[in-house]
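Comments concern the structure below.
Bear in mind these aren't lab numbers, they're just calculated from the coordinates by the rules spelled out. Remember, predicted model here, so these are calculated numbers, not experimental data. All Cβ positions, glycine included, derive from the backbone under ideal geometry; neighbour counts span all protein chains shown.
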Amino acid sequence: MKISSLAVDKKKEEEGVWSDIGEGAKILVARSGNSKYQECLRLSIRPHQNRLRRNSLPDDVLENLTINAMSRHILLDWSGILDDQNEPITHSIEMAKDLLTDYPEFREIVSSASSDFESYKLEQIEEISGN
C-alpha cells in the first residue's frame, strides 16, 4: 500500500462533499473531525469541563452541544429534503439543528456520510504520457 493513498483533501474536509442519501436527496457534509467542527465543539464544551471530567454531564447536554457543532460545521447544505407536504426544506443552521435533533436517523446518516474516508481522499492526478 502506498501511504499516499491515505492522503485527504483538506479543502473537501472543510467545504464538504455531496452525498446521495436516497430518494433524490443529497447532503453536503464536511468531514467529521474537521478543524472548524473540533474548535466549535471544544469551545462549547469548555463551560462544562468540570462536569465532563467528573462524568456528570448529562447525555442530553452533550448531545445538544454535538448537534450544534454538526449543524454549523458538518451539515453544510442539502437538496431534495422535503417536509410532509412535499415542499422543499430550505437549509439554514437552525433548520439543520432542528432536523438533527428531531430525527436521530437523519443525524446518523449525516454522521455516517461525514465519516466516509473515501469521499475525502486526495485525488491523484496522473499525467498522461503520449503513449
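For the reader, a short list of remarks on this structure follows.
- Taking other C-beta atoms within 10 Å as the exposure proxy, 91, 73 rank 91, 73 from fewest upward.
- Pairwise FRET efficiency - residue 87 versus residue 43, Cβ, R0 = 35 Å, nearest 0.05: 0.50
- Within the stretch 28-60, backbone nitrogen closer than 20 Å to the virtual label 7 Å beyond the Cα of residue 115 toward Cβ: 28-42, 59-60
- Here the contact order of the stretch 10-116, divided by its residue count and restricted to Cα pairs under 8 Å and six or more residues apart, works out to 32 percent.
- Cβ-Cβ FRET estimate between residue 55 and residue 8, R0 fixed at 30 Å, reported to 0.05: 0.35
- Rounded to 10°, Cα long-axis angle of helix 93-102 versus longest principal axis of the chain: 70 degrees
- Computed from Cα positions, the angle between helix 104-114 and the longest principal axis of the chain comes to roughly 30 degrees.
- Kirkwood-based shape ratio for the stretch 1-91, expressed as Rg/Rh from alpha carbons: 1.09
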